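Here's the structure, in structure tokens; my notes come after.
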Amino acid sequence: MTANHDPYALAPFRAEFRDAQTEKAFLKHVEQGTARHLKIALAIWAGMVLLFGSLDYGDLGLTDGFYTLMTMRVLQAVAIACLIVWVYRRPNLASWSLPLTLAEILGFPLMFVIFFIRPDIAAWNVGVICIILISIYVFVPNRLMYNNLVALFGLVGTLVSLGIRGSELATLLPLSVVMCLPIVTGYVASRRLQLVQRQEFSLLQEVNRSNQELCDEIERRKSLEAELQRQATTDPLTGLSNRRQYEMLFRRERERCARQGGSMVLGIADLDHFKQINDTHGHDLGDQALKHVASIFLESLRHSDVVGRFGGEEFILLLPDTQMDQAKVVVERLREQLAGTPLGAESLSIPLTATFAITPVRVDDDTIEDIIRRADKGLYQGKREGRNRVVVAA
């Protein structure tokens, strides 16, 4: 496939896409409409075949010629009915040109036999065949090249039948020209229709492609916005809420608790001897320790609780709908969980502890900074008392 290959390029003479896969996609696209159109055309064909049998009876009576023609008409109608049932059960067969082409070709012998059984209506029969030739292109949804083959068979078969019946060459040559007129007319009309259908399909595919690209771009932008939002609200190392995010959540939860008459507790956790971990094992392992602590806090607290990184080795905890006695139990359990889960890294087991300070959120607290300062004092108290403990800063 060349770089400038156009999958929607059309072959003008065949009125089909040059690319086989594109043509296959088009046929699949029009499959239901083609099947419906084909069933209607076949039903009309079968009805006309049987209808003309009454004219045979009127002219021939119950003669051998009538029985021959009627037998051929009934067999042809039955074959068409079978084809209708086949297409009804498997609509995809409407795009399969071989059986349809064969059915069209097998419809002509009946017309040829009429030249021999009813030579008195030869001119009328030629007129009917001309109508059939143009109808093949206009009403039968077959591929253009296959319809050309059917029309050529009908033209040649008519001329041969008339020749056998004794028509002279001087009569057959102009007749062949006259019979070519419906073929050319049908071909031009069918070609134009099929080209237009494929051009519309090409435009539809382009629109669908543009829409898909637009949808992909929208999804990409949504993902980008979500990522930007995540980066703007979370700490890049631990994935916890950053200052901007936990302050926003604090205001929201405080307002909600105030409306509902609930209480709220704020806590600060400070890792013990974190500088020693950095100095002894390096900053990479120190970062691992921070992420380890963050994961323990997130797993141990409720989904409604807020955990944020306050800075350095300090973390902030927001416990909405929580009384002080409940908060002390929760944070004490959190302290024990941290102390009992050392950091395993590089064949080392490094114990981690933290000092916690909790304080209630009061109605007269103006800002979150006031509450943090109060909790900070409790944190210093816990450090003085030996670390690895929970202090209530009332």
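With the structure loaded, tell me whether Leu51 is part of a helix (DSSP H, G or I), assigned by TED's automatic domain parsing to the domain that holds Ile136, aliphatic (A, V, I, L, M) and over 23 Å from Leu193 (Cβ atoms) or whether it fails that test. Criteria met by Leu51. Kindly indicate the residue of segment 268-289 that is in contact with a Leu (Cβ under 6 Å, 6 or more places away or on another chain) and of a type in the set (A, V, I, L, M) and also farthest from Arg374 (Cα to Cα) among those meeting that condition. Going through the qualifying residues, I end up with Ala289. Within the set Ile136, Ile129, the sole residue that is touching a helix residue (DSSP H, G or I) at 6+ places or on another chain (Cβ under 8 Å), among the aliphatic types (A, V, I, L, M), farther than 15 Å from Leu175 by Cβ and assigned to a helix (DSSP H, G or I) turns out to be Ile136.
For segment 38-58, the set of residues classified as over 17 Å from Ile132 (Cβ atoms) and modelled with pLDDT of 85 or more consists of Lys39 only. Cβ-Cβ distances below 8 Å connect the following pairs, each with a first residue in segment 324-342 that is over 18 Å from Val306 (Cα atoms), a second residue that is among the hydrophobic types (A, V, I, L, M, F, W, C), and a separation of six or more residues or different chains: Ala339/Leu352; Thr341/Ile296; Thr341/Leu352; Pro342/Ile350; Pro342/Leu352.
Okay, residues lined up against (1) farther than 23 Å from Arg90 by Cβ; (2) β-branched (Val, Ile, Thr); (3) surrounded by 12 or more Cβ atoms within 10 Å (Cβ to Cβ):
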site	(1), (2), (3)
Asp6	yes, no, yes
Phe13	yes, no, no
Phe17	yes, no, yes
Phe26	no, no, yes
Glu31	no, no, yes
His37	no, no, yes
Phe52	yes, no, yes
Tyr57	yes, no, yes
Asp64	yes, no, no
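Among the residues making up segment 351-366, those that are more than 23 Å from Asp325 (Cα to Cα) and at pLDDT 90 or above are Pro351, Leu352. The single residue among Gly163, Gly186 that is in the same structural domain as Trp45 (by TED's automatic domain parsing), closer than 18 Å to Phe116 by Cα, at pLDDT 90 or above and not aliphatic (A, V, I, L, M) turns out to be Gly163. Candidates Gly127, Gly166: the one that is without any contact (Cβ under 8 Å) to a residue 12 or more places away in the chain and at positive phi is Gly166.
Yes or no, residue by residue, for (1) among the aliphatic types (A, V, I, L, M); (2) over 30 Å from Met145 (Cα atoms); (3) surrounded by fewer than 18 Cβ atoms within 10 Å (Cβ to Cβ):
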position: Gln212; (1), (2), (3): no, yes, yes
position: Leu224; (1), (2), (3): yes, yes, yes
position: Gln229; (1), (2), (3): no, yes, yes
position: Gly239; (1), (2), (3): no, yes, yes
position: Arg251; (1), (2), (3): no, yes, yes
position: Arg254; (1), (2), (3): no, yes, no
position: Ala269; (1), (2), (3): yes, yes, no
position: Gln276; (1), (2), (3): no, yes, yes
position: Phe297; (1), (2), (3): no, yes, no
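The values are calculated or read from the model by the stated rules, or taken from the named source; none is laboratory data. Everything quoted here is computed from the prediction, not taken from an experiment. All Cβ positions, even for glycine, are placed from backbone atoms using ideal geometry, and neighbour counts span all protein chains on display.
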